[in-house]
Structure formats: structure tokens, C-alpha cells
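Okay, so here's the structure we're looking at.
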């Protein structure tokens, strides 16, 4: 099956030394991180799968729209609460960290969607399951979901170092 992805590259938006590039492949449910120089840094499990409809990204609650993003504001709830967070519906839904994703090709805003991010958690896992370091990955409302621990131990150091670009590839 052919994948649909970004039309542009991080280089079109000022990609420089210290920046990194995440590549998400929903077909094989992975996220790979690359340095500015193209070195593979790591690979982790990642879902770009919505609850509503697979193979569809134009609808609310469906797959993450394919295209190029950059990580915007970070909500680091693990830094606030640690491993012993109190029950909270927002913490359950989004887990240890939520990175706002800014669409760089109009792929989200162009189809009337908003609020897509990269996060952990998972309301379907209940509490405290959604706060576990290596929680199972369950479908979202269109965001990218990774394991809580990976968001803090893998993505956060890249975020602190420079701009993090993210290419999302979906089944066509």
C-alpha cells in the first residue's frame, strides 16, 4: 500500500544544526528520530490512528492528517506530578506529556481540524493504566500517541535541543 505524506521538508522551514526530524509511519506504527545530519537516533512505537475511521484523515476523530508539522508548546505533566499523579481525566487522556503540533502545510487547518498533538495516556486504559510508563497504545481523536516514557526520555531531549519537525505518513 502506498503512503501519503508531506509535500515539503524541514529544510523548507529553516531546518538547522540542533534540530531534529521525527518520521511517523502509521502503516508500521513507528516513529523514527533523525538528527539534522540524517543520523538515526532512535525508533519507538507510535500510533497515528483515530477512533473514528482508519484510512481517513479528513474527518474529526479519524487518523492524523498526513503532512509536515513542528512541535509547538509542551505541557509536561510528568514534571508537575511525577510517577504518582492524582486521578485526573486530562492526565488520563493525554498522559505524561502533550506537545502541540503546528501544521506547516495546512493539512490540519485546511480540512477544518484543530488541536492535533503528540501525547501519551489513553482514557480507554483507565486509571492508573493511562499513567503507566509503558502503557499500551490506543487510538486517539486524531493525535499521535506514544508511550509516556518515550515522550519524556526520547522526545523531550530533542525538544529542548532545538526545533522538532514531524513528518506523518498515512496509508493512501
*asked:* Could you list 49, 145, 89 so that the one with the fewest beta carbons within 10 Å of its beta carbon is first and the one with the most is last?
replied: 89, 49, 145
*Ranked by Cβ crowding within 10 angstrom, fewest neighbours first, how are 42, 131 ordered?*
42, 131
*What is the distance in Å between the Cα centres of region 75-106 and region 122-166?*
8 Å
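Under the definition of Cα pairs under 8 Å and six or more residues apart, what whole-number percent is the relative contact order of region 19-171?
Normalised by residue count, the contact order of region 19-171 is 33 percent.
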*Which of (1) 36, 35, 32; (2) 42, 36, 26; (3) 117, 29, 24 is the computed Cα extents along the principal axes in Å for the structure on display?*
(2)
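Read the figures in this text as sums done on the coordinates, not as results from a lab. This one's a predicted model, so the numbers in the text were calculated from it and none came from an experiment. Here the Cβ is made from the backbone with ideal geometry for all residues, glycine too, and neighbour counts use every protein chain on show.
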